[in-house]
1. With every atom except the alpha carbons ignored, what do you get for Rg and Dmax of the stretch 2-89, in angstroms?
2. Magnitude of the Cβ-charge dipole of the stretch 2-89, K/R +1 and D/E -1, about the Cα centre, nearest 20 debye?
3. Compare the peptides 17-27, 60-70 by average per-residue count of other Cβ atoms within 10 angstrom and give them in order, highest first.
Amino acid sequence: MKLLVCIVNDVYRDHLEKVLQNSGYRITELASSGGFRRKGNTTFLIGFKDQDYADLKKTMEEACVHVEQKKKIQPTSKYRFTSFIMDTATNDDWTTRFNKA
């Protein structure tokens, strides 16, 4: 299993959430702001199997394009979302890895 941490602009949030849920993905949504991506963003936590990554990415890209076409807007940056993949099968202790004194 993998965990995708995905930060999206709020303009895509509602449609992306609906599409992901209708596609069978289990997601958790967090309102987010901060120095990495300023205000007006949502972070999705999405669990998926290794072999489903290409389909997940394609589903997300198509959902964002649909919103842009429907609302007649241009993407605000080169990328529609920023994502990070973490391997949940390794049982890494992230607290000891990143919280060294």
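1. Cα radius of gyration and Dmax of the stretch 2-89 are 12.5, 41 Å respectively.
2. Values: 15 positive and 11 negative charges, 73 e Å.
Dipole of the stretch 2-89, to the nearest 20 debye: 360 debye.
3. Details: 17-27: 13.7, 60-70: 15.4.
Output ranking for 17-27, 60-70: 60-70, 17-27.
Read the figures in this text as sums done on the coordinates, not as results from a lab. What you see is a predicted model; the values in this text were computed from it and never measured. Using ideal geometry, Cβ is built from the backbone for each residue, glycine included, and neighbour counts are taken over all protein chains shown.
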